[in-house]
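A short worksheet on the structure shown next.
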Amino acid sequence: MILVEFRLDYPVLRDALSRAPKMKLTWEQSDRTDEGRHKLLFWTEGGNFKAFEDALEEDSTVTTPSRTIELGEQRLYQTKLKEEARRTSIYPLLVNEASILQRVTATHDGWEFRAAFPDRKAFSRFRDFCREHEIGLVVHRFYEEREHPDTPRFGLTGVQRETLIMAVECGYLEIPRKSSLADLSDEFDISETAASERFRRGVKTLIECTVYSDNEQS
């Protein structure tokens, strides 16, 4: 399985979001109705709700939405895609490719996705669909989700993973430290400089692949 974080210049709700530029949309759920319509459920927060709701009435990609829940500074909406938007909807393709949407957000700058695909070929088919329908796609991060528990994850190389594990086990990260950089380098029979580089690169990769926000990733 591979994990891909990417941005789409996706037409759905583009006009409404452009009218409320501080609004952030978080996808909650998509479903196919019995009539084959694409139903969309999403949260919004952080922007001008009146401007956004007025713009929703005029947005050419969705039907008139219904506000289902208002929770503090968040509102949950339900709507359906109109015919033109359904033709370029990526949802059926993602379902067919057995992808898993882990995180989907949108602002006036575009849609940000974190999705799992079964393999690179599945993602290539998705990318080809976007090109065919002139949907701009920018990949932020692309890495493999390993199935075996002993296989490195989160973009780490084998030696980086070993170095980070050893740093924890030997007490290098304790406060106060129970071992020095020299002790860490001795464990791998390498120089202190090489041990420091391994450790710093491993930490950098781990942070980038786990705790970066969408803006920091881009």
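What is the percent carbon and sulfur in the accessible area of the chain, measuring with a 1.4 Å probe over the protein chains and ignoring ligands?
Numbers: 5770 of 12550 Å².
About 46 percent, which is the carbon plus sulfur part of the accessible surface.
Using only the alpha-carbon atoms, how far is helix 192-210 inclined from the longest principal axis of the chain? Give it as 0 to 90 degrees, nearest 10.
20
Could you do me a favour and compute the accessible area per residue for the chain, 1.4 Å probe, result in Å²? Spell out each step's value before the answer.
Details: 12550 Å² over 218 residues.
Per residue, the chain has an accessible area of 58 Å².
Quick one: net charge of Gly136's neighbours, Cβ under 15 Å, K/R +1, D/E -1?
-2
How many nm is it between the label spots at Gln29 and Arg120, if each spot is 7 Å from the Cα in line with the beta carbon?
3.6
Dipole magnitude of the stretch 38-118 about its Cα centre, charges +1 at Lys/Arg Cβ and -1 at Asp/Glu Cβ only, in debye to the nearest 20?
Taking the Cα centre of the stretch 38-118 as origin, the dipole is about 360 debye.
Counting only GluC sites (Glu not before Pro) that sit in a DSSP loop (anything but H, G, I, E, B) with at most 10 other Cβ atoms within 10 Å, what is the longest stretch of the chain containing none of them?
Answer from the scan: 148-218.
Indicate the gyration tensor shape class of the stretch 57-138 (rounded, prolate or oblate), computed on the Cα atoms with a ≥ b ≥ c the square roots of the eigenvalues: a/c under 1.5 is rounded; otherwise a/b larger than b/c is prolate and the rest oblate.
Details: a/c = 2.14, a/b = 1.56, b/c = 1.37.
Taking the square roots of the gyration eigenvalues as a ≥ b ≥ c, the stretch 57-138 is prolate.
Which lysines does Lys178 reach when only Cα atoms under 30 Å apart count, and residues fewer than 8 places away in its own chain are ignored?
Cα-Cα hits under 30 Å: Lys204.
Taking springs between alpha-carbon atoms closer than 10 angstrom, which of Lys22, Lys82, Lys50 fluctuates most in the Gaussian network model of the chain?
Residue with maximal mean-square fluctuation among Lys22, Lys82, Lys50: Lys50.
Let me check I've understood the local charge: for Leu93, count other residues with C-beta under 13 angstrom from its C-beta, Lys and Arg +1, Asp and Glu -1. What total comes out?
Numbers: positive: Arg32, Arg86, Arg87, Arg125, Arg127, Arg131; negative: Glu97, Asp128, Glu132.
Once positives and negatives cancel, what remains is +3.
What distance in nm lies between label points placed 7 Å from Cα along the C-beta direction at Gln74 and Arg127?
Result: 3.3 nm between the two label points.
Using the Kirkwood formula on the Cα atoms of the stretch 62-191, what hydrodynamic radius do you get, in angstrom to one decimal?
19.3
Rounding to the nearest 10 and keeping the result within 0 to 90°, find how far the Cα-based axis of helix 158-169 lies from the longest principal axis of the chain.
70
Straight-line reach from Lys50: which lysines have a Cα under 19 Å away, not including same-chain ones fewer than 8 places off?
Candidates past the 8-residue exclusion: Lys22, Lys24.
Taking the chain as a Gaussian network, Cα atoms linked when under 10 Å apart, which of Ser180, Ser18, Ser30 shows the biggest mean-square fluctuation?
Ser180
Using the Cα atoms of the stretch 1-71 to build a convex hull, what is its mean projected area in square nanometres? Don't skip to the answer; put the middle values down first.
Working: hull surface 25.9 nm².
The directionally averaged projection comes out at 6.5 nm².
Identify which of Tyr91, Tyr77, Tyr172 has the largest mean-square fluctuation in a Gaussian network model of the chain, with springs joining Cα atoms closer than 10 Å.
Tyr172
What's the local net charge at Cys170, with K and R +1, D and E -1, over the other residues with C-beta under 13 Å away?
-4
The values are calculated or read from the model by the stated rules, or taken from the named source; none is laboratory data. Just so we're clear, the structure is a prediction, and the values are computed from it rather than from any experiment. Using ideal geometry, Cβ is built from the backbone for each residue, glycine included, and neighbour counts are taken over all protein chains shown. Ligands, DNA and RNA are excluded from the accessible area calculation, which covers all protein heavy atoms including side chains. Shrake-Rupley method; radii C 1.70, N 1.55, O 1.52, S 1.80 Å.
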